[in-house]
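Each remark here refers to the structure printed beneath this line.
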Amino acid sequence: MRNAHLRRGLNHAGTRYETLDLAAAAGGAARLAALPFSLRVVLENLLRHQDEEVVTQADIDAVLACAEGPTPDRSLAFRPVRVLMQDFTGVPGLVDLAAMRDAMAAAGHDPAKVNPQVPVDVIVDHSLLVEHAGSADAMAKNVAAEYADNVERYGFLRWAQGAFGGGNMRIAPPGAGIMHQVNLEHLAKVAWNLDGLLVPDTLIGTDSHTTMTNALGVLGWGVGGIEAEAAMLGQPLVMQLPPVVGVRLLGALQPGVTATDLVLTLTQQLRRAGVVEQFVEFCGPALDGLSVADRATLANMAPEYGSTCGFFPVDAATVAYLNLTGRDGALAEAHARASGLWRDSGAAEPHFSRLLEFDLAAVQPSAAGPRRPQDHVPLAQVPASFRDGMKVAPAAQGFGHGAVAIAAITSCTNTSNPGVMLAAGLLARNAVARGLSVAPWVKTSLTPGSRVVAQYLEAAGLQQPLDALGFNLTGFGCGTCAGNSGALAADVAAQIRDGDLTVCAVLSGNRNFEGRIHPQAKAAYLMSPPLVVAYALAGRIDVDLTTQPLGTGQDGAAVYLRDIWPSGEEIAATQRAALSAAGFRRAYAPLFEAPAEWAALPGAGQALFRWNPGSTYIRRPP
């Protein structure tokens, strides 16, 4: 290693490791402290791979120059520690590996020598279709249909799981959850062990919301299939040295305001500020009160506000989250402190190319719509935004223009956040207790991004009231967030078609472009899980939930959102009681184990894939 003189010993829990001293590389602690944390991770990466051919001293000097002046115009070679793929965008890369194995065999060599050069995790999460919803057997029916609809692709992935399982590849079968939530809650290590050398955990993923892992201080973002395949084969990712925009967070969220409200507000403001192809790094005193779950909601939507990443440094909140989720927070802290990647509360902020300020106390309950994630709307203005945005007059009552046809608690953006998920369950409990019910035309669904969610909702006694309102579990995957919302009830679909109605979807996802969620739902609004439940109860989007009732209770009195919204203290107490490290370990223990349906797929155990010449989907490359 060229920079061996920068290695420092680190003893932790009886084991000796080494780490790179970034302060020494920067010429002193003061200069390193002025460098944004995200660029410190890039610096470490370059130092570790410096060879004066692909990575030069001039590259390192360009990064260090960002500590005191404008960002130099320079391309860099970045090598992520690992690659994360999902089942759609990951298949082309795996097909290429299968073809390379054929070529090895044809040349008389061992095909099993063709393997990824860096660790690769494939999470099968994008194929779940929410065809069945609102019933106790919805998930079982959806899983059965998922296997039937995807038998060819799943058969190929099942082969890849066995063929590459002895190398650097792991494949999680369907039902594990959404790749980004699984990564946040389980796969990410923050400090990665490379044969005794601890390095910052870094990755690229074949999905834009890979940025969610930035909440843990893990630098990563989404790329195309070609870039991911190159990284998988040990090649560097060529990137332009990005300007780093600092976002100083001040204050604290007001009672009743969620991390979803915060990210929808920030998305609009950062989009306006123009952060495309730049790193966004969060700083400021408000970080001390912002949990990793809340940070993850902000980091997840970096593609929506346009930046390459939305980075949070490693600090005490990171350690607490790693410990809560059953990982080694102490090792991550020891590495971050030793290498110069640790954020201390109250420390001076780094030098950024630009610095924006944002006061959390100014955030109001919000939604985003009716067509784009950056179209932030305060809750009281949602009815007007629908009327003005969709150019329709709302119906006087009941089912017509403005009806909510889909209400989906979905997406890693919010189902990774226990606070908002438990808030949805508590609000459902309070609504059921008051005798409220969901409007009959609303298709309701609950599709979490990990099995942990189902576990803690059950432990808190909140799945039952969600079930009572039709938010039964429909599976663990992207579901409605990816547009896999399934068909509407036949009579509802017919009324929309025959009346040419402009109806709406509400979801706790990250994208709401027209037609994405469902072709018959021309409007769609992003919002927090408890607000999804609230709009399902109201049955319409053109209701001002700040002043108008959700419905009439069993006592004949009007029930308002404020009447059933749980307090922050109750949400926090419920979270403390329902979540544990043991629970996370239990939920993730079978992550890579094959359920019966997966194990029954053909092709496992073969070094070479048996191509089907009649296939129109998976073809051997010419």
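The values are calculated or read from the model by the stated rules, or taken from the named source; none is laboratory data. Here the structure is a predicted model, which means the values were calculated and not measured. Backbone-built Cβ (ideal geometry, glycine too); neighbour counts: all protein chains shown. Protein only, heavy atoms only, side chains kept; ligands, DNA and RNA dropped before computing areas. Shrake-Rupley method; radii C 1.70, N 1.55, O 1.52, S 1.80 Å.
So, residue 532, is that one buried (at least 24 other Cβ atoms within 10 Å of the Cβ), touching a helix residue (DSSP H, G or I) at 6+ places or on another chain (Cβ under 8 Å) and either over 19 Å from residue 209 (Cα atoms) or modelled with pLDDT under 95 (or both) or not? In short, yes. Every condition in (1) under 30 Å from residue 525 (Cα atoms); (2) part of a loop (DSSP other than H, G, I, E, B); (3) open to solvent by 10 Å² or more (accessible area, probe 1.4 Å) holds for residue 327 except the one numbered (1).
Identification of helices (runs of 4 or more DSSP H) wholly contained in segment 345-459 with 2 or more residues that are of a type in the set (D, E, K, R) yields 382-390, 451-459.
Residues satisfying the criterion are absent from segment 409-431 (criterion: touching a residue at least 60 places away in the same chain (Cβ under 8 Å), more than 25 Å from residue 552 (Cβ to Cβ), of a type in the set (Val, Ile, Thr) and surrounded by fewer than 24 Cβ atoms within 10 Å (Cβ to Cβ)). Which of the residues spanning segment 176-228 are more than 14 Å from the chain's Cα centre (by Cα) and open to solvent by 20 Å² or more (accessible area, probe 1.4 Å)? Result: 189, 192, 193, 194, 195, 196, 223, 224, 225, 226, 227. Looking only at residues of segment 518-547 that are part of a strand (DSSP E or B) and not hydrophobic (A, V, I, L, M, F, W, C), we find that the one that is nearest to residue 506 (Cα to Cα) is 525. Specify the residue that is most open to solvent (accessible area, probe 1.4 Å); the eligible residues are those in segment 476-503 that are of a type in the set (A, V, I, L, M, F, W, C) and part of a helix (DSSP H, G or I). For segment 476-503, the residue satisfying everything is 490.
In this entry, residue 86 passes the filter for residues that are open to solvent by less than 60 Å² (accessible area, probe 1.4 Å), in contact with an Asp or Glu (Cβ under 6 Å, 6 or more places away or on another chain) and in contact (Cβ under 8 Å) with a residue 24 or more places away in the chain. Residues that are part of a helix (DSSP H, G or I), hydrophobic (A, V, I, L, M, F, W, C) and under 13 Å from residue 436 (Cβ atoms) occur in segment 560-569; there is at least one. Criterion first (among the polar types (S, T, N, Q) and in contact with a Ser or Thr (Cβ under 7 Å, 6 or more places away or on another chain)) does residue 183 satisfy it? Taking the combined requirement at face value, the residue satisfies it. Residue count for segment 376-386 under the criterion of being touching an Asp or Glu at 6+ places or on another chain (Cβ under 7 Å) and open to solvent by 20 Å² or more (accessible area, probe 1.4 Å): the result is 1. Of the residues making up segment 176-185, at least one is of a type in the set (S, T, N, Q) and in contact with a helix residue (DSSP H, G or I) (Cβ under 6 Å, 6 or more places away or on another chain). If I filter segment 599-617 for residues that are part of a helix (DSSP H, G or I) and open to solvent by less than 30 Å² (accessible area, probe 1.4 Å), do I get at least one hit? Checking segment 599-617: not a single residue is part of a helix (DSSP H, G or I) and open to solvent by less than 30 Å² (accessible area, probe 1.4 Å).
For residue 590, which of the numbered conditions (1) exposed (fewer than 15 other Cβ atoms within 10 Å of the Cβ); (2) under 21 Å from the mean Cα position of the chain (by Cα); (3) part of a helix (DSSP H, G or I) fails to hold? Against the list (1) exposed (fewer than 15 other Cβ atoms within 10 Å of the Cβ); (2) under 21 Å from the mean Cα position of the chain (by Cα); (3) part of a helix (DSSP H, G or I), residue 590 comes up short only on (3). For segment 265-305, filtered to residues that are assigned to a loop (DSSP other than H, G, I, E, B) and out of contact with any Asp or Glu (no Cβ under 8 Å at 6 or more places or on another chain), the residue that is most open to solvent (accessible area, probe 1.4 Å) is 277. Of the residues that make up segment 147-156, is at least one touching a residue at least 60 places away in the same chain (Cβ under 8 Å), buried (at least 17 other Cβ atoms within 10 Å of the Cβ), acidic (Asp, Glu) and not in a loop (DSSP other than H, G, I, E, B)? Looking for residues that are touching a residue at least 60 places away in the same chain (Cβ under 8 Å), buried (at least 17 other Cβ atoms within 10 Å of the Cβ), acidic (Asp, Glu) and not in a loop (DSSP other than H, G, I, E, B), one finds none in segment 147-156, hence no. Restricting attention to segment 65-83 and to residues that are of a type outside the set (A, V, I, L, M, F, W, C) and over 30 Å from residue 156 (Cα atoms), the residue that is least open to solvent (accessible area, probe 1.4 Å) turns out to be 69.
For residue 563, the stated conditions hold: it is over 29 Å from residue 104 (Cα atoms) and open to solvent by 60 Å² or more (accessible area, probe 1.4 Å).
Within segment 504-512, one or more residues are within 23 Å of residue 127 (Cα to Cα) and open to solvent by 10 Å² or more (accessible area, probe 1.4 Å). For segment 567-587, the candidate set comprises residues that are of a type in the set (A, V, I, L, M) and within 20 Å of the chain's Cα centre (by Cα); within that set, the residue that is farthest from residue 188 (Cα to Cα) is 579. Residues of segment 112-146 that are among the hydrophobic types (A, V, I, L, M, F, W, C) and in a helix (DSSP H, G or I): 112, 138, 139, 140, 143, 144, 145. Residues of segment 282-328 that are farther than 25 Å from residue 572 by Cβ and in contact with a His (Cβ under 7 Å, 6 or more places away or on another chain): 303 alone. The selection criterion, being surrounded by 12 or more Cβ atoms within 10 Å (Cβ to Cβ), in a loop (DSSP other than H, G, I, E, B), modelled with pLDDT of 95 or more and of a type outside the set (A, V, I, L, M, F, W, C), does not hold for residue 575. Number of residues in segment 89-115 that are open to solvent by 40 Å² or more (accessible area, probe 1.4 Å) and touching an Asp or Glu at 6+ places or on another chain (Cβ under 8 Å) equals 4.
Only one of the listed residues (122, 118) is farther than 22 Å from residue 475 by Cα, touching a helix residue (DSSP H, G or I) at 6+ places or on another chain (Cβ under 9 Å) and open to solvent by less than 40 Å² (accessible area, probe 1.4 Å). That residue is 118.
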